[in-house]
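Dumping the structure here so I can ask a few things about it.
The values are calculated or read from the model by the stated rules, or taken from the named source; none is laboratory data. In this text, all values refer to a predicted model and were calculated from it rather than measured experimentally. Quick reminder, even Gly has a Cβ in these numbers, built from the backbone with ideal geometry, and neighbours come from all protein chains shown. Just the protein is used for accessible areas: all its heavy atoms, side chains included, with ligands, DNA and RNA removed. Shrake-Rupley method; radii C 1.70, N 1.55, O 1.52, S 1.80 Å.
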Amino acid sequence: MRRHFYLSDDLDDLERLESDLEARGIARPQIHILSNNDAGLESHHLHQVESLLRKDVVHSGKIGFLVGLVAAAIPLVVAYIVGLSEGYLWIPVIFLSIILLGFCTWEGGLIGIQRPNHQYLKFERAINSGRHLLIVDVDPGQEKRLMKIIADHPNVEDMGLGESVPGWVVGAQKQWHKFVRWAP
């Protein structure tokens with residue numbers, strides 16, 4: 001999947017654009033809008049970026065996990081070199097490594113919750129000035145369709161491409177929305 005970014009000043013136009021996208025086969029879980037005007041997004045029934053994804057929790061958690069892997073490897077290597085792997089003394093070293101891995105991952109997430117998502121940093125000034133960021137994730141087969149729809153909305157400014165979520169995540173969101181609509 002590819003992620004496209006667009007900026008707009010008009011929530012009414014974004015509402016029409018989102019309806020056009022959905023009418024032409026781009027599912028709601030593929031469309032997100034990031035704005036400081038949460039009340040306006042709610043009143044226009046626009047699909048907002050989830051609050052967790054506004055922050056850099058996932059990205060920083062991944063970095064924390066990688067740091068944790070290195071930190072967890074150090075006691076294991078030292079214990080092997082010293083010769084603790086010969087007996088039952090190996091078990092506390094394994095537990096220490098697991099604790100280091102978990103702590104570093106957790107700490108990375110805590111650091112990330114204090115920062116805006118790294119993908120949205122370049123749009124921060126525009127969003128703070130009252131503009132709205134439209135984020136659309138599309139399959140390669142949907143690219144031309146997206147371009148035709150965007151051409152019908154001249155007030156939407158193309159801001160380029162970004163790092164998309166995996167296709168299976170969007171698929172899972174689509175299945176969840178079908179389930180929620182079906183559930184009594």
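Could you check the stretch 117-168 and list, in sequence order, the residues that are assigned to a strand (DSSP E or B) and of a type in the set (A, V, I, L, M)?
Once the filter is applied, which keeps residues that are assigned to a strand (DSSP E or B) and of a type in the set (A, V, I, L, M), the stretch 117-168 yields LEU133, LEU134, ILE135, VAL136, VAL138, MET159, LEU161.
For LEU69, indicate whether it is surrounded by fewer than 15 Cβ atoms within 10 Å (Cβ to Cβ), over 17 Å from the mean Cα position of the chain (by Cα) and either under 14 Å from ASP137 (Cβ atoms) or modelled with pLDDT of 90 or more (or both).
Numbers: surrounded by fewer than 15 Cβ atoms within 10 Å (Cβ to Cβ): yes; over 17 Å from the mean Cα position of the chain (by Cα): yes; either under 14 Å from ASP137 (Cβ atoms) or modelled with pLDDT of 90 or more (or both): yes.
Yes; evaluated as a whole, the condition is true for this residue.
Tally up the residues in the stretch 119-158 that are over 15 Å from LEU17 (Cβ atoms) and open to solvent by 70 Å² or more (accessible area, probe 1.4 Å), please.
8
Looking at the structure I just gave you, is ILE74 open to solvent by 80 Å² or more (accessible area, probe 1.4 Å) and at pLDDT 90 or above? It would help to see each step written out before you state the result.
Values: open to solvent by 80 Å² or more (accessible area, probe 1.4 Å): yes; at pLDDT 90 or above: yes.
In short, yes.
Would you be able to say whether some residue in the stretch 31-39 is over 22 Å from GLY162 (Cα atoms), of a type in the set (D, E, K, R) and either touching a Lys or Arg at 6+ places or on another chain (Cβ under 8 Å) or open to solvent by 80 Å² or more (accessible area, probe 1.4 Å) (or both)? Give the derivation first.
Narrowing the stretch 31-39 to residues over 22 Å from GLY162 (Cα atoms): 37-39.
Applying the additional criterion that residues be of a type in the set (D, E, K, R) yields 38.
Remaining after also requiring either touching a Lys or Arg at 6+ places or on another chain (Cβ under 8 Å) or open to solvent by 80 Å² or more (accessible area, probe 1.4 Å) (or both): none.
Checked against the condition, which is being over 22 Å from GLY162 (Cα atoms), of a type in the set (D, E, K, R) and either touching a Lys or Arg at 6+ places or on another chain (Cβ under 8 Å) or open to solvent by 80 Å² or more (accessible area, probe 1.4 Å) (or both), the stretch 31-39 yields no hits at all.
Which is aliphatic (A, V, I, L, M) and closer than 30 Å to ILE26 by Cα, of LEU110, LEU101, LEU84, LEU133?
Numbers: LEU110 fails: closer than 30 Å to ILE26 by Cα; LEU101 fails: closer than 30 Å to ILE26 by Cα; LEU84 fails: closer than 30 Å to ILE26 by Cα.
Checking each option against the conditions leaves just LEU133.
May I ask you to list the residues in the stretch 46-66 that are over 15 Å from ARG115 (Cα atoms), open to solvent by 80 Å² or more (accessible area, probe 1.4 Å) and touching a helix residue (DSSP H, G or I) at 6+ places or on another chain (Cβ under 7 Å)?
Passing the criteria: only PHE65.
Residues to consider are GLU107, GLU143, GLU163; find the one that is of a type in the set (Asp, Glu), modelled with pLDDT of 90 or more and within 22 Å of the chain's Cα centre (by Cα). Give the steps one after another, and end with the answer.
Details: GLU143 fails: modelled with pLDDT of 90 or more; GLU163 fails: modelled with pLDDT of 90 or more.
Only one candidate qualifies: GLU107.
Please specify each residue of the stretch 3-42 satisfying the condition of being without any contact (Cβ under 8 Å) to a residue 24 or more places away in the chain and not charged (D, E, K, R).
Narrowing the stretch 3-42 to residues without any contact (Cβ under 8 Å) to a residue 24 or more places away in the chain: 19, 22-23, 38-39, 42.
Hits for the stretch 3-42 are SER19, ALA23, ALA39.
Among the residues of the stretch 50-62, write down those that are assigned to a loop (DSSP other than H, G, I, E, B) and modelled with pLDDT under 85.
Of the residues in the stretch 50-62, the ones assigned to a loop (DSSP other than H, G, I, E, B) are 50, 56.
Selection gives GLU50 alone.
In the stretch 100-111, is there at least one residue being of a type in the set (A, V, I, L, M) and under 25 Å from GLY40 (Cβ atoms)?
Of the stretch 100-111, the ones of a type in the set (A, V, I, L, M) are 100-101, 110-111.
Pick out the ones that are also under 25 Å from GLY40 (Cβ atoms) and you get none.
No.
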